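Scroll down for the structure; my scribbles are underneath it.
The values are calculated or read from the model by the stated rules, or taken from the named source; none is laboratory data. Bear in mind that the values here come from a model prediction, so they are computed numbers and not experimental data. Glycine also receives a Cβ, built like all others from the backbone with ideal geometry; neighbour counts cover every protein chain displayed.
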Amino acid sequence: MLGPPNHGSKMARMVQNSLAFKMFTGASGQQLAGGWKQLESSQGTPKFRFGVIAGGQRSSVEISNMLVPGKDDFTAGVNEAKLAGATDFLVAPLFHSSMMMDKDAIAWNVSFLKHGYFVSAQDRKSVPKRKSIP
């Protein structure tokens with residue numbers, strides 16, 4: 001997964017009433033905003049091995065979107081991307097809109113598909129599964 005809003009989007013909630021947001025994102029944007037509570041209950045965790053790459057600055061000079069809490073990729077926050085059960089989780093110095101074309105992100109995805117990790121087995125950072133309630 002590349003920069004997924006696995007927990008909805010705070011930025012979308014903040015701009016959901018904007019005409020421009022409604023025009024550009026349509027129904028999917030509204031689901032990430034005000035409709036997230038209804039959509040979230042129908043979402044599941046994949047039953048197969050998966051990893052998540054989140055964009056977020058790691059350098060000393062951080063550029064951040066003030067509408068998104070914490071580290072972000074200028075569209076989604078790192079914590080919005082995390083998903084319990086991920087085999088690997090990587091925060092990369094990437095912007096949301098350029099992730100899918102980034103040569104490093106492509107290489108990390110190929111590595112994950114081949115080996116089950118983005119960088120290396122020892123650098124793997126899994127996201128613990130949620131404990132089920134009996």
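The residues of region 1-36 that are in a loop (DSSP other than H, G, I, E, B), free of Cβ contacts under 8 Å to residues at least 12 places away in the same chain and of a type outside the set (G, A, S) amount to a single one, N17.
Restricting the search to region 16-32, which residues are surrounded by 10 or more Cβ atoms within 10 Å (Cβ to Cβ) and of a type in the set (G, A, S)? Before you say what the answer is, go through the steps one by one.
Initial filter on region 16-32 (surrounded by 10 or more Cβ atoms within 10 Å (Cβ to Cβ)): 16-18, 21-22, 25-26, 28-32.
S18, G26, S28, G29 - these are the residues of region 16-32 that are surrounded by 10 or more Cβ atoms within 10 Å (Cβ to Cβ) and of a type in the set (G, A, S).
Report yes if some residue within region 42-61 is assigned to a loop (DSSP other than H, G, I, E, B), within 11 Å of the chain's Cα centre (by Cα) and either hydroxyl-bearing (S, T, Y) or at pLDDT 65 or above (or both); otherwise report no. Yes, because at least one residue in region 42-61 is assigned to a loop (DSSP other than H, G, I, E, B), within 11 Å of the chain's Cα centre (by Cα) and either hydroxyl-bearing (S, T, Y) or at pLDDT 65 or above (or both). Across region 96-126, the number of residues qualifying as crowded, with 17+ Cβ neighbours inside 10 Å, in a loop (DSSP other than H, G, I, E, B) and within 16 Å of the chain's Cα centre (by Cα) comes to 2.
Only one of the numbered conditions (1) modelled with pLDDT of 90 or more; (2) within 11 Å of the chain's Cα centre (by Cα); (3) part of a loop (DSSP other than H, G, I, E, B) is not met by T75, and that is (1).
Taking the condition out of contact with any Asp or Glu (no Cβ under 8 Å at 6 or more places or on another chain) and modelled with pLDDT of 85 or more, does M14 pass? Write out each step before concluding.
Details: out of contact with any Asp or Glu (no Cβ under 8 Å at 6 or more places or on another chain): yes; modelled with pLDDT of 85 or more: no.
So M14 does not fit the description; no.
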